[in-house]
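J.: Just passing along the structure, written as C-alpha cells.
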Amino acid sequence: MPWGVVYYRTHNDEVPAEDFLDSCPSKVEATILAVLEAVRAAPPPAFSGGGKWEAMHGSMSGYYEIRVTGPGRKHYRLFCVLDNGSPQELAARGFREPQIAAINGMVKDHMTEFSDSEYRTNVRNLGDDYLTTLPRRIASAD
C-alpha cells in the first residue's frame, strides 16, 4: 500500500514542520525533503535509514528523525510519526493510505544533545496532539 506525507497543523493553524523547513538553509531543506520522499516511496517499514532516517528510542520511542548536517556542523532534525492502521482506522483519521506525519524540527550544535524537556515541548506534546485528534489536523498532503 502506498504511503503519503502530511504535516501536522496545530489548533492555532501553525504548521511547525513547515516553519522548521522554511528556516533551514536551502540545501538542508532539499536534503530533508529528498529523504522524506525516499522513505515514503520505500515505504517506511522497508526503508533502511542509512543514517538519515532513524527510529528513536527511550522517551522518543515511536518517533523517527531525519538527520542532516548543515553549515557550521549544525545538526538539523525533522521528527515524524508513522500513522498506519486498518482501512477503518485510517478512514477515521481522514486518510485512505498510511501516512508519514511530519511533526516538528529542531537544530542543535555539533556534539550537543537535546534535553528531554526540549523533546517534550517541541515534539512529544505536538505529536500527542496529532495522534489524539480525529480526523487528524493536517496542513497538506501528498
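The values are calculated or read from the model by the stated rules, or taken from the named source; none is laboratory data. Because the structure is a prediction, the values reported are computed rather than measured. Note that we place each Cβ from the backbone using ideal geometry, even for glycine, and neighbour counts take in every protein chain shown. Remember, those area values only see protein heavy atoms, side chains included, never the ligands or the DNA or RNA. Shrake-Rupley method; radii C 1.70, N 1.55, O 1.52, S 1.80 Å.
J.: Of all residues in the range 129-139, count the ones that are more than 13 Å from the chain's Cα centre (by Cα) and either under 21 Å from W53 (Cβ atoms) or open to solvent by less than 40 Å² (accessible area, probe 1.4 Å) (or both).
T.: Adding up the residues that qualify gives 2.
J.: Please verify whether L126 is open to solvent by 30 Å² or more (accessible area, probe 1.4 Å) and not hydroxyl-bearing (S, T, Y), treating the condition exactly as stated.
T.: The answer is yes for L126.
J.: Considering every residue within the range 75-82, establish whether at least one is touching a residue at least 24 places away in the same chain (Cβ under 8 Å), touching a Gly at 6+ places or on another chain (Cβ under 8 Å), farther than 25 Å from P2 by Cβ and not polar (S, T, N, Q).
T.: Taking every residue of the range 75-82 in turn, at least one turns out to be touching a residue at least 24 places away in the same chain (Cβ under 8 Å), touching a Gly at 6+ places or on another chain (Cβ under 8 Å), farther than 25 Å from P2 by Cβ and not polar (S, T, N, Q).
J.: Confirm whether T10 is more than 15 Å from R136 (Cβ to Cβ) and surrounded by fewer than 17 Cβ atoms within 10 Å (Cβ to Cβ).
T.: No; evaluated as a whole, the condition is false for this residue.
J.: Considering each residue of the range 81-106, count those that are surrounded by fewer than 18 Cβ atoms within 10 Å (Cβ to Cβ) and charged (D, E, K, R), and give that number.
T.: Within the range 81-106, residues that are surrounded by fewer than 18 Cβ atoms within 10 Å (Cβ to Cβ) and charged (D, E, K, R) number 3.
J.: Right, something else. I'm trying to understand the selection: among the residues of the range 107-120, which are open to solvent by less than 80 Å² (accessible area, probe 1.4 Å) and under 18 Å from G58 (Cα atoms)?
T.: T112, F114, S115, D116, S117, E118, Y119
J.: Mind listing just one residue for me: the one in the range 27-68 that is assigned to a loop (DSSP other than H, G, I, E, B), of a type outside the set (S, T, Y) and open to solvent by 70 Å² or more (accessible area, probe 1.4 Å) and, of those, nearest to G105 (Cα to Cα)?
T.: Step by step, filter the range 27-68, then rank; the result is K52.
J.: Something else now. Give me a count of the residues in the range 16-26 that are open to solvent by 20 Å² or more (accessible area, probe 1.4 Å) and either of a type in the set (S, T, Y) or assigned to a loop (DSSP other than H, G, I, E, B) (or both).
T.: So the answer is 3.
J.: All but one of (1) at pLDDT below 95; (2) more than 15 Å from Q99 (Cα to Cα) hold for T31; which doesn't?
T.: Single failed check for T31: (1).
J.: Additional query: Return the only residue of Y119, Y76 being among the aromatic types (F, W, Y) and in contact with a strand residue (DSSP E or B) (Cβ under 7 Å, 6 or more places away or on another chain).
T.: Y76
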